[in-house]
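The values are calculated or read from the model by the stated rules, or taken from the named source; none is laboratory data. No experiment lies behind these values; they were computed from the predicted model shown. Note: ideal-geometry Cβ built from the backbone for every residue, glycine included; neighbour counts use all protein chains shown. Note: accessible area is taken over every heavy atom of the protein model, side chains too, but ligands, DNA and RNA are not part of it. Shrake-Rupley method; radii C 1.70, N 1.55, O 1.52, S 1.80 Å.
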Amino acid sequence: MLVLGGKDCASGSLSLPVHPHSLDVGADGALPYVSVKAATEEQHLGFRKDAVDSVLRLDLARLAEAG
């Protein structure tokens, strides 16, 4: 995932699990969430037998500190 920079925005990139699916922003307008679909085909490199879909919360402030 690429995070574009701006005056009040972090910039950098994040390595995400396979199949990032959708992006949403929390009610405060500052905290983004990314849903990630689990790989369902055994041939896929990211396949895990009992994997489930998940949601990631992205801390852009922490990303800015690291970048």
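If the Cβ limit is 6 Å and pairs must be 6+ apart or interchain, which residue in the range 27-54 that is of a type in the set (Ser, Thr, Tyr) pairs with which residue that is in a strand (DSSP E or B)? Pairs found: TYR33/ASP24; TYR33/VAL55; TYR33/ARG57; SER35/HIS21; SER35/SER22; SER35/VAL55; SER54/VAL36.
Residues of the range 1-48 that are open to solvent by less than 50 Å² (accessible area, probe 1.4 Å), modelled with pLDDT under 85 and not in a loop (DSSP other than H, G, I, E, B): VAL3, GLY6, GLY12.
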